[in-house]
Each structure stands twice: as structure tokens, then as C-alpha cells.
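Colleague: The following block contains the structure, expressed as C-alpha cells.
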Amino acid sequence: MKNHDVAATWKYHDGTKHSPWSIRNNPHFLDWPNRPLPFKIYPTLEPFPLPRDVPQTGVAALSAISESVPSSGAKPIPDLQDLARILYFSAGITKQREHPGGEIYFRAAACTGALYEIELYVVTGDLPGLDAGVYHFNPADVALRLLRKGDFRGNLAQATAMEPAVARAPATIICTGTYWRNAWKYQARTYRHFGWDSGTLLANMLAVCAASGLPAEIVLGFVDVEVNRLLDLDMRREVSLCLVPIGRTAESSLSSPREAPVLGLETISPSKNEIEYPAMFEMHDASSLESEEEVAQWRRRQPIFPSFAQAGEAVRLQRLPLSEQPKDSIEQVILRRGSTRTFDKAASITFAQLSTIVDCATRGLSADFLKLPGAQLNDLYLIVHSVQALKAGAYFFHRERNILELLKEGEFRAEAYHLGLEQELPAHACVDIFFLADLKLILERYGNRGYRAVQLEAGAIGGRMYLSAYAQDLGATGLTFFDDDVINFFSPHATGNAAIFLIAIGKPMKRKSQ
Ligand SMILES: Cc1cc2nc3c(=O)[nH]c(=O)nc-3n(C[C@H](O)[C@H](O)[C@H](O)COP(=O)(O)O)c2cc1C
């Protein structure tokens, strides 16, 4: 089983680290005339338009992000309107801007380089308003396109070794990653971005499902080729990343797996020339699960719980009391979210705002690789610049005790500037939250698939941080970083860890009125 040969992950991870040297010596440039199309287009398939005037849930964003759906009273079957809401607020176009390189269609969730390499598909039984089938979602015209007619949910149940949430879901959304659309700018590092960018999108999706009263969770354990074949993917261009079963039916409603012949559906080439990066194929292949037995075994592995001794001064998080939490709905917050381009260096946020962001984002993410409460792959390290009632300095978050431990006190704006790839955003934010992970332990437990899991978990927690910051009228942006310099900055505490993700939070600079 290739998944256990974890040398493949180390080769990919070490080979795609950013350092001041690697950035200076990379001759890569953006070939604008060859910029990939931001949408997957099937020219021969008829669109099935989704309703655009779907009623919003009105559920407060902070509750939608952090509360899982109560089991009693949950609406078990999504209808077409629910599906339209979930797809639009996860991957729909929310803004449009002119750019010298062409029009950019910004989407509901943050995505590296605004390149939107994550595609969504739906595998469903008969739903109110939608016939059973395998569909592709195109955000450009807010429409589904039918790839296969009929109920193929049994194929997904089989591919996930009868994962209960998938076996009982009336519909499952599948996220895929298209290599070239992101690699045009980021080259081989795109495989990390698959996890980050599907993660931010999943934060929206899970929150909107919760607000719609529908159970949903992230499923990473599946036989890759089975799902890719069902979606008729050209695996050198696009691969399945995760499944999100939505809703719950009686077990007896599951159909048996059906023949899924190759369709070879025509799609428009995204660019004149596409460059392949073998390092990503190797990483994907090594982290693929090859049989139902392997999936079942993968699902049984022991989760990871935090076990850090605390030595430094500690501060307990103090989330905003419910009565003082902003009530803007999840839909309003998603529509106004957008990565902050300039932070106000002179501004500060309150400790309650920071506590609310960290607490909402790290609370109970539903995923098959985190089956037990308290399990989490990423650890959070912070550089605090200007949070009221908190000393400036570097901190570690003990999530099991809900406390921040001061690792070193001081003003670290210059260091943050450097660590965040010499950008002003992390230096001018109020706080930078770094995600680090014990990759050695993760790979021991989960094999190479653990690398997909840790990147995706970071993206999903980061995506929830975006939402909880914007829910409180703050700003946020994901950032990239110099891998080893991040670890050195937080060492000795972080010695041996890997840098996975970074998000900066603060107050956006107000535009001067003309
Ligand atoms: C994981 C991640 C890393 C990012 N890294 C950077 C970065 O290093 N610098 C930057 O200016 N923006 C960064 N961004 C912000 C994206 O450029 C932004 O999400 C994208 O342009 C879409 O715009 P929107 O978030 O406003 O919708 C990052 C976003 C994500 C999700």
C-alpha cells in the first residue's frame, strides 16, 4: 500500500518549501496570455439552472460556523433550494472586478491567487425538484449539468467502504482540484493549495448546511479511482479531494452500485498550453487509497490529541457572551467577506474578538479523520501585535484547555513581515495565526493521506476564521510563508513541526473619502 510509504510526502513537502533563496531563484513568471479559464465548461451539455432567489436562512454566522446541527428537528432531506443555497454560498460568484489581465470573478470563499481551482459535483438520489444523477456545478451560470442520469449513491457508499454518513446521504457534494488552474501561478505548490482552497470553501459549505438544518461532514476516506471514474475526470488534470454527504435518509433507500462507463465528455481547454508538475502527480498517487479494505483500515486509525506541557504565563480565552455577539446572518457575512488588502497598523482588536474567532473556528469540525471530540491535526501559534489586554508577543494555543500560553513577549512586526513572505499584511495586522503540525506523527497514523488531511483541516479552520472575523466586522487574509523560518521563530516550542497555513486578522484600512 503506497499510502504507508511516507517518504513521498517528505519529498513533496520539503521540495515545495518557500525560503528567501527559493523565491529569489525561481525564474517563474505569470504568462497572462496563457492564463487558465476560471471555469470548467462542458460545451455539449445543457444547463439545468438553479433557482437564484432562494430564501436565506437568516441564522447568525457565528452560530452557523461553530454549532453542529441538533440531531432532533434537523431537516434530513435537502430540496433544490437548499442545494442551490449550499452551492452558491460555497463556490458562487459574489463580486466581479476589472484587472489588467482580464475580468476576475471573486467567489464566496477565499482562494489562493483568485484562481478557483476547486470544482464541485453533486451525486444525488431523487430530491424534491431534482432527478437522481451525477451533476457538475458551474458558478458562471449558476447551473448544474447532468453527467450521468440515475442514482449513483451506491457507488459512493462502496468507494467509502460504507462510511455511514455517505451511505445515508440523500446527496453528496464532491470537491475536486484542477492542477493547472492554480499551478499556472503556484507551480508544484498547488497540491498544498488544494487542501487550503477546498478547506476555505468547506468552511462556508458546512456553515450553510448547519444554518439550513442539514447534517453534513467532510469525508476524506475513499477509493480515489472509483470516485474519479464516477465523475469522468481526466486524472492528469483534475482529481477528487473530498466528499461532503448532506442530509440523512433511511439506510434502506441506498441503491446498489451501478456500471459507470467512461463518458469522455468534451470540455473546453483551460489554456493554450498546460504544464504538468510530476511532483504533484507523485504526491497524489502516494496518498491515494486503493481498495475498500484500505479505506476501512484508514478510517480505524487512532486520532491525534494535543499533549503539550505548559510552562509560560497563560491567559484563558474569553469569547463574547451570546447576548453581545453580532447577529448578521451567515449569508450576509459570506457576501461581504473578501480578503483584506491593507490593514490599519494603528488599530487594535479586543481580546473577546480574538477569543471568539479562535473558539468558533476550532470547535468540532465534522470530518471522518477527526471522529473523536478534541481530535485535531493542526496546532495554532500566534504573533500578537495589537490585541487589547494581551501582551504583544508569540503565543501557543492549548485548545484542550482553551488558553493562550505566552512563549516570548515582544514587538514582532518586522519578524511577521519576513515570515509572511515579506508582505506588509502580516506586519500591519493585529494578530497572525500560524498553523503548525507534527507531520511525522500525522504520517505515522494516517500515511500520506494525512498530508491531504492536515492541509484541508487548516483551510477549513482558516475559512472559519475568515467568517468569524467578518461576522465581527473585522478583516482577514490567508497568507503564504517561509516554511522553515516560521518553525525557527516559534522554536524551541515548535521544533520538529511543519508549517502548514497562515492567516492574518485585523482592521481593514478605511479608504479615504475623495
Ligand atoms: C490560503 C490562502 C493564502 C493566501 N495568500 C495570500 C498572500 O500570500 N498574499 C495576498 O495578498 N493574498 C493572499 N491570499 C488572498 C487571496 O489572494 C484571495 O483570497 C483571493 O484573491 C480571492 O479574493 P477574496 O478572498 O477577496 O475573495 C490568500 C488566500 C488564501 C485562502
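Read-outs: derived from the displayed coordinates by stated rules, not from any lab. This one's a predicted model, so the numbers in the text were calculated from it and none came from an experiment. Quick reminder, even Gly has a Cβ in these numbers, built from the backbone with ideal geometry, and neighbours come from all protein chains shown.
Colleague: Tell me which residues come under 5 Å, amide H to amide H, from residue 127 once H is placed; ignore anything under 5 positions away on its chain.
Modeller: Here the answer is 132, since their amide H atoms fall under 5 Å of that of residue 127.
Colleague: Could you please rank 41, 349, placing first whichever residue has the fewest other Cβ atoms within 10 Å of its Cβ?
Modeller: Least crowded to most crowded, the residues run 41, 349.
Colleague: Quick one: Debye curve from the C-alpha atoms of region 1-147, no solvent, what's log10 I(q)/I(0) at q = 0.09, 0.10, 0.13 Å⁻¹?
Modeller: The computed values of log10 I(q)/I(0) come out as -0.47, -0.57, -0.87.
Colleague: Let me ask something additional. For region 300-364 and region 97-165, what is the separation of their Cα centres, given in Å?
Modeller: 29
Colleague: Moving to a separate point now. Using the alpha-carbon centroid of each, what span in Å lies between region 413-444 and region 6-55?
Modeller: After rounding, the separation between the Cα centres reads 22 Å.
Colleague: Which of 5, 432, 483 has the fewest other C-beta atoms within 10 Å, and how do the rest follow up to the most?
Modeller: On the way: 5 11, 432 28, 483 19.
Lowest to highest Cβ neighbour count: 5, 483, 432.
Colleague: Report the paramagnetic label zone for residue 408: residues of region 481-509 whose backbone N is under 14 Å from a point 7 Å from Cα along the Cα-to-Cβ axis.
Modeller: What the label zone holds, given the 14 Å backbone N cut-off, is 485-495.
Colleague: Suppose R0 equals 22 Å; then what is the FRET efficiency for residue 327 and residue 67 from their Cβ-Cβ distance, rounded to the nearest 0.05?
Modeller: FRET efficiency, residue 327 to residue 67: 0.95.
Colleague: At R0 = 30 Å, how high is the FRET efficiency between residue 25 and residue 5 if r is their beta carbon distance? Nearest 0.05 is fine.
Modeller: Numbers: r = 30 Å, r/R0 = 1.00.
Using R0 = 30 Å, I get an efficiency of 0.50.
Colleague: Sticking with this structure for a sec: Taking 22 Å as the cut-off for C-alpha to C-alpha distance, list the pairs among 17/272; 185/510; 327/507; 95/345; 2/440; 17/440 that go past it.
Modeller: Values: 17/272 29 Å; 185/510 30 Å; 327/507 19 Å; 95/345 26 Å; 2/440 17 Å; 17/440 16 Å.
Pairs exceeding 22 Å: 17/272; 185/510; 95/345.
Colleague: Arrange the following residues from fewest to most other Cβ atoms within 10 Å of their Cβ: 65, 442.
Modeller: In order of increasing Cβ crowding within 10 Å: 442, 65.
Colleague: Classify the chain as rounded, prolate or oblate from the Cα gyration tensor: take a ≥ b ≥ c as the square roots of its eigenvalues, call it rounded if a/c is under 1.5, otherwise prolate when a/b beats b/c and oblate if not.
Modeller: The shape class here is rounded.
Colleague: Here is a follow-up. Which peptide among 102-113, 317-328, 198-209 comes first, and what is the full order, when sorted by highest mean count of other Cβ atoms within 10 Å?
Modeller: The densest-packed peptide leads the list: 198-209, 102-113, 317-328.
Colleague: Select from region 22-53 those trypsin sites (Lys or Arg not before Pro) which occupy a DSSP coil region and have at most 14 other Cβ atoms within 10 Å, ordered by residue number.
Modeller: Counting only loop positions with at most 14 other Cβ atoms within 10 Å, the trypsin sites (Lys or Arg not before Pro) in region 22-53 are 52.
Colleague: Tell me the relative contact order for the chain as a rounded percent, counting alpha carbon contacts under 8 Å between residues six or more apart.
Modeller: Numbers: 1117 pairs, mean separation 101.4, N = 514.
Worked out over the chain, it gives 20 percent.
Colleague: I would also like to ask the following. Could you tell me the center-to-center distance, by alpha carbons, between region 170-201 and region 240-281 in angstrom?
Modeller: A separation of 13 Å, based on Cα centres.
Colleague: Moving on. I need the shape label for region 330-427. Rule: rounded when a/c is under 1.5, else prolate if a/b > b/c, else oblate, with a, b, c from the alpha carbon gyration tensor.
Modeller: Cα axes put region 330-427 in the oblate bin.
Colleague: Rounded, prolate or oblate: which one fits region 150-246, using the alpha carbon gyration tensor with axes a ≥ b ≥ c (rounded when a/c is under 1.5, else prolate when a/b beats b/c, else oblate)?
Modeller: Here region 150-246 falls in the oblate category.
Colleague: Next up: If I model a spin label at residue 345 and residue 509 as a point 7 Å from the Cα along the Cα→Cβ vector, what separation in nanometres do I get?
Modeller: For residue 345 paired with residue 509, the spin-label model returns 0.9 nm.
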